[in-house]
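The values are calculated or read from the model by the stated rules, or taken from the named source; none is laboratory data. Everything quoted here is computed from the prediction, not taken from an experiment. Every residue, glycine among them, receives a Cβ derived from its backbone with ideal geometry; neighbour counts consider all protein chains shown. When the accessible area is computed, the model is the full protein with side chains, heavy atoms only, and any ligands, DNA or RNA have been set aside. Shrake-Rupley method; radii C 1.70, N 1.55, O 1.52, S 1.80 Å.
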Amino acid sequence: MLSVSVLLQRSGYFLLPINLLFWAVLVPRTVASPVPDSNPLYQFDGQVRLRHLYTANERTQLHLEIFSDGTVRGAKYQNAFSLMEIKAVKLGIIRILATKTSRFLCMDSEGHLYGSLSYSEQECNFREMVLRDGYNVYYSEAYNLPVSLSMMENLSQNRQLPPFSQFLPLVNKVPLEPMIMDYEYIQQVHDIESADPFNIMGQNQDLRSPSFAFR
């Protein structure tokens, strides 16, 4: 290599690229490896997704719904009752909230699903497992039973997955409900000649600017 370098120095051509090539050969190669738990499907604390939980078999397609009375069932098409807010409470553990009814998806000790207005770690926490085909299975963290829209009773921890227990989180295609605006505040008339035309000080009686003390 020294003789080649001297020879190239004499010729004066392509010396720098060739030397860099020799150094690249001498440097030990490193093999890239994935960061542990780097899959984005493993949700971290605080991350939120708006999804419809879709499950199906050869003849039936269902989207998980939670109604105002706490009933949990499935609908063929996406709708306001099937839009869920999926939020991670810790690594690998999520809670599911129906945006329409503000009810949490919960499970009792026998695997029955219901919607609750209050959040309970024991009955509303689920472990999210990602399958090879892209579908998800949600197990109760407390009871280790899968979420299922089937009518099977007495779910066992050791049996195969029941029907309608593999869910595909789908992006929402239903128009979101319009935001409720405070029209009384928007339509009020502002006194542009006033020192406080937007009545900010009137809405915040406890706040006072130091300059008001000299007026």
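General observations
- Within the range 51-105, the residues that satisfy the criterion of being polar (S, T, N, Q) and open to solvent by 30 Å² or more (accessible area, probe 1.4 Å) are ASN57, THR60, GLN61, SER68, THR71, GLN78, ASN79, THR99, SER102.
Yes/no matrix, rows are residues, columns are (1) part of a loop (DSSP other than H, G, I, E, B); (2) more than 19 Å from the chain's Cα centre (by Cα); (3) modelled with pLDDT under 95:
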residue: ASP69; (1), (2), (3): yes, yes, no
residue: LEU97; (1), (2), (3): no, no, no
residue: CYS106; (1), (2), (3): no, no, no
residue: VAL137; (1), (2), (3): no, no, no
residue: ASN158; (1), (2), (3): yes, yes, yes
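- Taken over the range 139-152, the residue count meeting the criterion of being of a type in the set (Phe, Trp, Tyr) and in a strand (DSSP E or B) is 1.
- Where a residue in the range 90-113 is free of Cβ contacts under 8 Å to residues at least 60 places away in the same chain and within 21 Å of HIS63 (Cα to Cα) and its partner, wherever it lies, is of a type in the set (S, T, N, Q) and part of a strand (DSSP E or B), with Cβ under 7 Å and at least six apart: ARG103/SER116; PHE104/SER116; CYS106/SER116; MET107/SER140
- Residue list for the range 121-134, restricted to those being assigned to a loop (DSSP other than H, G, I, E, B) and either open to solvent by 70 Å² or more (accessible area, probe 1.4 Å) or modelled with pLDDT of 95 or more (or both): ASN125, ARG132, ASP133
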